[in-house]
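The structure appears below as structure tokens.
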Amino acid sequence: MSKLTKRDIVVSISNQTGLVQHQVFDVVQRTLDQITDSLARNVAVELRNFGVFQPRLTKPRVGRNPNQPGSSFVIPARATVKFKAGKIMRQRVEKLSREMKEAAENGNGRTATKRNSDGAAGQAENN
């Protein structure tokens, strides 16, 4: 299973727009910094058709050490980020889910990420 990195995003946008990679990197980095800063200030970030990032506080809970049965300790509450996918993302991932289920039923169940000509990742069945 492959992953998409910030570098991949920069190269793809640079190729599509004709902008210099350094300029694209700066814009991508500033965008990510703005999102991070907003979340750190407890401000939700909504990107239409992509999703919503919401800062939230987890509840404190009891943890147990499997190496020391009987001992328990409190794991304190902490701030985390919740992500809720937007409509278009959710639909596209559901489509991928159906395709992966069909591949698992019809073949060996393994899929590999394959890059198309514009650098975007897509799923291809490995047989």
(message) Residues that are in a strand (DSSP E or B) and at pLDDT below 95: does the range 89-112 have at least one?
(response) yes
(request) Could you check residue 81 against (1) farther than 25 Å from residue 3 by Cβ; (2) modelled with pLDDT of 95 or more and say which number it fails? (result) (1)
(request) Please determine, by comparing only the residues of the range 1-19 that are among the hydroxyl-bearing types (Ser, Thr, Tyr) and not in a helix (DSSP H, G or I), which one is farthest from residue 96 (Cα to Cα). (result) 5
(message) So, in the range 4-37, how many residues would count as being among the hydrophobic types (A, V, I, L, M, F, W, C) and in contact (Cβ under 8 Å) with a residue 40 or more places away in the chain?
(response) 2
(request) Would you check which residues across the range 89-105 are among the aliphatic types (A, V, I, L, M) and in contact with a strand residue (DSSP E or B) (Cβ under 8 Å, 6 or more places away or on another chain) and list them? (result) 89, 93, 96, 100, 103
(request) Tell me, yes or no, whether the range 31-54 has at least one residue that is over 20 Å from residue 85 (Cβ atoms) and among the hydroxyl-bearing types (Ser, Thr, Tyr). (result) no
(request) Go through 23, 16, 34 for me and flag whichever is more than 26 Å from residue 93 (Cβ to Cβ) and over 15 Å from the mean Cα position of the chain (by Cα). (result) 23
(request) Starting from residues that are of a type outside the set (A, V, I, L, M) and over 18 Å from the mean Cα position of the chain (by Cα), keep the ones in the range 39-52 and report whichever is nearest to residue 93 (Cα to Cα). (result) 42
(message) Can you say whether residue 107 is farther than 30 Å from residue 48 by Cβ and in contact (Cβ under 8 Å) with a residue 12 or more places away in the chain, as far as the supplied structure shows?
(response) yes
(request) For the range 20-88, please list each of the strands (runs of 3 or more DSSP E) lying entirely inside it that holds at least 3 residues being hydrophobic (A, V, I, L, M, F, W, C) and in contact with a strand residue (DSSP E or B) (Cβ under 8 Å, 6 or more places away or on another chain). (result) 51-57, 72-75, 79-85
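The values are calculated or read from the model by the stated rules, or taken from the named source; none is laboratory data. All of these numbers come straight from a predicted model, not from anything done at the bench. Note: ideal-geometry Cβ built from the backbone for every residue, glycine included; neighbour counts use all protein chains shown.
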